[in-house]
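Computed from the coordinates by the stated procedures, all read-outs in this text should not be read as laboratory data. No experiment lies behind these values; they were computed from the predicted model shown. Using ideal geometry, Cβ is built from the backbone for each residue, glycine included, and neighbour counts are taken over all protein chains shown.
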Amino acid sequence: MEMAESATVTSKSMINIPAKIRHKYGLKEGARIIFLESEDGITLIPVPSISVLFGIDKERKDILLEAVRELKEEHRREARE
């Protein structure tokens, strides 16, 4: 079900995000929002904080750590050349 809310742009080009939407998406002071422009208009996308993303890919931890090790080794080899 879609939710319709409205906000007014202030003289300083600011808007207040309606409380229902802030609560639904967990938006707090300092939250970042992406403004995605398309032919249909503007879509606002909340950007999750880094703390929310911590540990999001636990299943691939070993693969990611190995990739980081390989990149570090490659960087060391290039630095020696």
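Counting pairs of alpha carbon atoms under 8 Å apart in space and at least six apart in sequence, what relative contact order in percent does segment 14-81 give?
Numbers: 27 pairs, mean separation 12.0, N = 68.
About 18 percent, as a whole number.
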Under the Karplus relation with 6.51, -1.76 and 1.60 and θ = phi - 60°, whole-Hz ³J(HN,Hα) for segment 57-70, x at Gly and Pro, equal 10, 4, 4, 10, 3, 5, 5, 5, 4, 5, 4, 5, 4, 4
Cα-projected label distance for ALA79 with ILE15, points at 7 Å along beta-carbon direction, nm | 4.6 nm
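Summing +1 for each Lys or Arg and -1 for each Asp or Glu, what net charge is found among the other residues whose Cβ lies under 12 Å from the Cβ of LYS72?
Working: positive: ARG69, ARG76, ARG77; negative: GLU66, GLU70, GLU73, GLU74, GLU78.
Spelling it out: positives minus negatives among the neighbours equals -2.
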Run the quick spin-label model on ASP40 and TYR25: label points 7 Å from Cα toward the beta carbon, then report their separation in nm to one decimal.
-> 1.5 nm
